[in-house]
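The next block holds one structure in the form of structure tokens; read it before the comments.
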Amino acid sequence: MYKNYRPNNLKEALDWMAEHKLIPVAGGTDLMIRARNWQGASRAMKGDVIYIQHLDELRFITETETDYHIGAGVTQAQFCQCDMLPDYAREVVGQMATPAIRNAATIGGNIANAASVADLLPLLYAADAKIVLRSRDSRRVLPIQSFEIGKYKTARRADELIFEVILPKLEIRRTLYKKMGQRRASILSKVSFMALEAEDGTRIAIGAVNDTVVRSKELEKRINEGGGVKSVLDGYKALLHGSDDKRSTKRYRERVVINLLMKWMEEKR
Amino acid sequence: MKITDAVHRVDGAGKLKGETKYIEDMHFDNMLYAKTLRSKIAKGRITNIEYPELPKEIFIIDAEDMPANNEVAIIERDMPVFAKDAVRYLGEPIALVVGEDKDAILKYMSKIKIEYAEEEPVCDLSQAAKKPDHIMTERAYEKGNLSEIEYDEKVTEIFETTYQEQLYMEKQGVVGTVEEGVVTVYGSLQCPYYALGALKHAMGMDETKLRVIQTPTGGAFGGKEEYPSLLACQVAAAAYKLKRPVRLVLDRREDMAYTTKRHPSKMVITSYIKDKKVLGMDFDIMLDAGSYLGLSDVVMQRAIFTMTGGYKIANLKMRGRTVRTNNVFTGAFRGFGAPQSMYALELHMSHLAKHLGEDPLKFRRRHYVKRGDLTATNGRFNEEIYLDRLTDLLENMSGYKEAVSKKRILAGYGVSVVPHGGGFTGDGEAVHIKAVVKLKKESNGRVTILVSNVEMGQGAITTLSKIVAIVLEMDMDRVGYETPDTFKVPDSGPTVASRTTMVVGALLARAAAKLKNRMHEPGEVIITEHFKQPDYVKWNAETLQGNAYMAYSWSVLLARVEVDPVSYEVKCTDIWGAYDVGVPIDEKLLIGQIQGGMVQGLGYAIMENMTSKAGGIEQFTFSSYPIPTTMDVPKLHAEWIINPYQDGPFGAKSVGELTLVGVAPAVAAAIEDAIGIITSEIPVTPEVIERSLV
Ligand SMILES: Cc1cc2nc3c(=O)[nH]c(=O)nc-3n(C[C@H](O)[C@H](O)[C@H](O)COP(=O)(O)OP(=O)(O)OC[C@H]3O[C@@H](n4cnc5c(N)ncnc54)[C@H](O)[C@@H]3O)c2cc1C
């Protein structure tokens, strides 16, 4: 059995996390499933848990002149419903899971879980988002690339919580988002593709193919400079390390990425 | 009230309100939980099992505990209740670990050590079929003389299908108890008397000491036809030994990985064409039966008997084989062999039409069977068959001619024409099933239906009650339905083969007609009816000649899809269906079956990819095995003709399976039409499309 901690506020949560090794539970939509067990037996949690979903201090969406600040405890449903946030971001979240899951699942959970198929990540990579981590004694700000260090691996220390995501305000001219799954809803991505054209040009992030999101500033530069299509495609091909698994094939994943890149580059002309 | 008018479902309110108690909700005093100890390998001998010392309140039930036979009697008795010396598939049950506390059971199980002498498993269907000792059954028949015919050309194609999982909402579950000296099994199941038969053999007791009671069943689709017999034997042995109720409910992942599913198949079909007509056909199908025969031979028979579909083809050579592999054992699933063979036939017919430069419906029309024609097995179609009328109906309701003549980009249409025979194959109803129904007038004037056919979401209680109420000209709420309990109801046969309304309903209608004259009598009146084979059914089980089915229902379908040229994703936008099910008993229930069948068929056609790797099912979770969600469901259009069947209740024929069978070939043909490829396998996933485009 494991112990359950239910803090009254963020400070208490961070104090306890400084003193004990605790697994945060937000919406639980990843964690409860990973801790699955024979129905009716105790959940197979890997340690003691701390519940954070009810903490109001993690549930805010604000903006400054340059950025949106989104609390880690904001649910996917709240994210989708928030008019302040840009459409291209809300569209991504709106295609995740199902209405019931979106009511429970949090933004922080998707980021901290660091699944290779996590749908928020291509968006955050393309937007150059930053993750704010807090512990009792520290506050760190990491670019998303530095936070996500592998499949199910992040740079989070055990005593830290994700506090918020900083999403820079971009002047978006054009977007192309596509999530491929085995069906149209309530399904994990086989491939996900986010292309944005902002004031500084194209940004492309590819999810669910490699262990972590693929983003190459160098290739984006080549696209912006109108470099040869073939060299761009070859450049991306070299970065993709898809595999065959129970949901899809390497061939399919890589070909669809190439198709989407071509579509993006063609539409530009 | 007309028989076709929609009524509220008898079981609807309880289910909507959450009041219905399924096996997992039911309380039994002193109950123990059971968890299955399973093989971790696909093939080998068990050389040693080391059970740590048993704590108090943990018990092991295994082969040694079977009172009479460690065998599950299905048709053969080749499957053990618990694997003893050898294991033949990954996940095969070796024992039940039983206890009061689930955590304690799991902790104990983690310490059990099993040693195996592993052997090379045979998991590939085609490889297995090359080994003579892996052919479990083989059946063949011919018609006309295929080797002598003159033809313009012959066309050969190979088709493959994968597993399909029933994915009933309620998982497999049973409880075994000993009540007043009677070993009783409660369970979510389709066939109480199949389970009873298996129990008699395994327990060595008769029906006075054994009892099976069906509990509300949250979906089944064939998955709870023969498989619960295995579970019933396991919990019966456990309850008998421990003298306490024992509950075995599979977890979703166990259920998806280790219980029966639709047979993967490989089919080779050759057509001999003369003057743009199919003159002869050679068809060969093999089914991956897994490690035990189960019902596979019967599934294969349905596949080969209906293989010519709605067409009159004079010269035939048919062969079917069930092949032993070390994959999970396969079994009954809505359609029972027909989804495989009709997929191959109908997509092949569409390919032939295209090859001959003809409209696929026009090409089919030239081959349509009619009343009096010989069936593939040289029986005679006894009832009126209106395939042209159905095809006209489909064309009109969908605006077919105009739609297909318009130029389209990345949108396509596909059709199928499919029969489904109601009831058991050949003389099975008379020789094997011998259904008996009872109708009882209670002393208070109410009437109770006594049958072993179960409600599993399909609406059986509603249709059967309605048939009885209308014959008796009384309100439906005065007609009751006894729980299918082998101590209370006669054996009216299993709830399978689209037979419940057509066959059992007809017996009840007859019983009700007799009861009607005696309703004025005081006290209880019981009417018993036995199945009688209609005169026109002639069947020789040795030569496989005669009427393979009593009567056929028909569907003519059109599917429309759009294909995304970038992601190869398929969006099915519409399915139109024109049906002949005789006379529908309740239009709403008919529409329910049609919509459900279309959606389950669509899953089979484009997304439900289930594969086995080294003997293990790869997609055994909801997150990797997708079935359609509401977002995937196209517009569903259905119309039907009224064509009363002389031996059906109020003219009804079968519905349940038909509605799934024709969907996959229509959708596959539509995808081909949209994007200009030829396919030969289902599901046609985006990955398959990508590969086909080169
Ligand atoms: C039916 C279903 C459909 C789904 N569909 C999708 C989909 O389409 N796309 C997709 O990407 N995902 C999907 N998911 C996965 C899941 O819903 C999301 O990843 C969700 O965002 C997780 O959030 P949560 O709050 O439930 O996380 P939890 O399960 O509570 O936590 C996930 C992980 O993050 C950690 N964590 C949570 N919050 C914090 C925090 N503030 N600081 C540090 N660590 C934290 C937890 O310790 C845990 O390791 C689906 C899940 C289900 C059950």
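Here are some notes:
- Here the label points at A:Cys82 and A:Met1, each 7 Å from Cα along the C-beta direction, are separated by 3.8 nm in the simple model.
- Pairs of Lys residues in the stretch B:428-530 that lie 8 or more places apart, or on two chains, and have C-alpha atoms under 21 angstrom apart add up to 16.
- Listed pairs B:Lys43/B:Lys130; B:Lys111/B:Lys241; B:Lys143/B:Lys362; B:Lys277/B:Lys370; A:Lys151/A:Lys190; A:Lys130/A:Lys217 exceeding 21 Å between Cα atoms: B:Lys111/B:Lys241; B:Lys143/B:Lys362
- Extending 7 Å from the Cα toward the beta-carbon at both A:Ala18 and B:His27 defines two label points whose distance is 4.9 nm.
- Carbon + sulfur, % of accessible area of chain B - ligands and nucleic acids excluded, 1.4 Å: 50
- Student exercise, the stretch A:174-268 dipole from Lys, Arg, Asp, Glu Cβ charges, in Debye to nearest 20: 540
- Kyte-Doolittle at least 1.6, axis length at least 30 Å by Cα - qualifying DSSP helices, chain B: none
- Overall, the protein assembly as shown carries a charge dipole of about 600 debye about its Cα centre when +1 sits on the Cβ of Lys and Arg and -1 on the Cβ of Asp and Glu, all other atoms neutral.
- Listing of the stretch B:69-109 residues, each with accessible area lower by at least 30 Å² in the full protein assembly than in the chain alone (probe 1.4 Å): B:Lys102, B:Asp103, B:Leu106
- Each part reduced to its alpha carbon centroid, the stretch B:472-502 and the stretch B:9-62 end up 29 Å apart.
- Computed label-point distance, nm, for sites B:Leu374 and A:Asp56 using a 7 Å Cα→Cβ extension: 8.5
- Whole-number accessible area per residue in Å² for the stretch A:27-125, which is evaluated in the context of all protein chains at 1.4 Å: 41
- Relative to the Cα centre, the charge distribution of chain A, modelled as +1 at Lys and Arg Cβ and -1 at Asp and Glu Cβ, gives a dipole magnitude of about 1240 debye.
- Between the stretch A:175-253 and the stretch B:282-336, the alpha-carbon centres lie 43 Å apart.
- Accessible surface area normalised per residue over the stretch A:174-268 is 40 Å², counting heavy atoms of protein chains with a 1.4 Å rolling probe.
- Inter-chain shielding of A:34-41 (mean C-beta neighbours from other protein chains, 10 Å cut-off): 5
- Taking Cα atoms only, the orientation of helix A:10-19 departs from the longest principal axis of chain A by about 80 degrees.
- Over chain B: helical MRE at 222 nm, DSSP H runs n ≥ 4 each giving -39500 (n - 2.57), nearest 500: -7000 deg cm²/dmol
- Rounded tilt (10° steps) of A:250-268 against the dominant C-alpha axis of chain A: 60
- Rounded to 10°, Cα long-axis angle of helix A:229-239 versus longest principal axis of chain A: 30
- Peptide A:248-256 has a mean shielding of 5, counted as Cβ atoms of other protein chains within 10 Å of each residue's Cβ.
- Heavy atoms of chains A and B lose about 2900 Å² of accessible surface on contact, summed over both sides with a 1.4 Å probe.
- The fraction of accessible area contributed by carbon and sulfur in the stretch A:174-268 is 48 percent, rounded to a whole number (1.4 Å probe; ligands and nucleic acids excluded).
- Accessible area expressed per residue, the stretch B:428-530, with surrounding protein chains retained (probe 1.4 Å, Å²): 36
- Ordering of B:173-184, B:144-155, B:117-128 by burial proxy (mean other Cβ atoms within 10 Å per residue, highest first): B:173-184, B:117-128, B:144-155
The values are calculated or read from the model by the stated rules, or taken from the named source; none is laboratory data. In this text, all values refer to a predicted model and were calculated from it rather than measured experimentally. Quick reminder, even Gly has a Cβ in these numbers, built from the backbone with ideal geometry, and neighbours come from all protein chains shown. Heads up: the accessible areas ignore ligands, DNA and RNA and are worked out on the full protein's heavy atoms, side chains in. Shrake-Rupley method; radii C 1.70, N 1.55, O 1.52, S 1.80 Å.
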